[in-house]
Amino acid sequence: MELKCTLMVFGFFLLSSESYGCGVGFKTMYRFCVDEDECVTPSPCGENAQCFNTDGSYYCTCDEGFQSYPANFTATTGQCEDIDECKEDPDVCGTKAACTNLLGSFICVCHSGYSNYGNDQSECTESSQMRFCVESG
Ligand SMILES: [Ca+2]
């Protein structure tokens, strides 16, 4: 009878330690509490974000072109949203172009006669070809 009671207590101890012994962010492995890697796929950070596993927790940061408040967040405290570069900086493309916001990016479309020479995110200057025509014509 005494042995049976001891086994029951021991069994309860094992059960409880496996179910409740480890805090949030940890899991039981061979009766030890080890860090749980929350960043395994699917990532809790959602799209357009990077997940960083830490001891007992994790955090997310946004990819370039996206932002969140706060900058470091978890699935319950934030998410990444596209930065509207055209709104944030109305002069980002200068006065010789139209700015178009894209998901995670933006593009400057030059007015006629102006060019940013293949760098779609820079200000447009007077096209050298145009200048040549004006100068020679
Ligand atoms: Ca954008």
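The values are calculated or read from the model by the stated rules, or taken from the named source; none is laboratory data. What you are looking at is a predicted structure, and each value in this text was computed from that prediction instead of being measured. Using ideal geometry, Cβ is built from the backbone for each residue, glycine included, and neighbour counts are taken over all protein chains shown.
Determine whether residue 37 is closer than 13 Å to residue 104 by Cβ and not aromatic (Phe, Trp, Tyr).
On the way: closer than 13 Å to residue 104 by Cβ: no; not aromatic (Phe, Trp, Tyr): yes.
When the stated conditions are applied, residue 37 does not pass them.
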Being surrounded by fewer than 15 Cβ atoms within 10 Å (Cβ to Cβ), aromatic (Phe, Trp, Tyr) and not in a loop (DSSP other than H, G, I, E, B) is the filter here; which residues of segment 25-46 pass it? 32
So which residues in segment 111-129 are within 12 Å of residue 92 (Cα to Cα) and away from the ligand (no atom under 16 Å from the Cβ)? 123, 124
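Given the criteria among the charged types (D, E, K, R), surrounded by 13 or more Cβ atoms within 10 Å (Cβ to Cβ), outside the structural domain of residue 36 (by TED's automatic domain parsing) and out of contact with any His (no Cβ under 8 Å at 6 or more places or on another chain), does residue 120 qualify? Outline the logic, then answer.
Working: among the charged types (D, E, K, R): yes; surrounded by 13 or more Cβ atoms within 10 Å (Cβ to Cβ): yes; outside the structural domain of residue 36 (by TED's automatic domain parsing): yes; out of contact with any His (no Cβ under 8 Å at 6 or more places or on another chain): yes.
Here the answer is yes, as residue 120 does meet what is asked.
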When segment 47-104 is checked residue by residue, the ones that are part of a strand (DSSP E or B), more than 14 Å from the ligand (Cβ to nearest atom) and within 12 Å of the chain's Cα centre (by Cα) are 49, 50, 51, 52, 59, 60, 61, 73
Scanning for something over 13 Å from residue 49 (Cβ atoms), of a type in the set (A, V, I, L, M) and at pLDDT 95 or above, does segment 60-82 turn up at least one residue? no
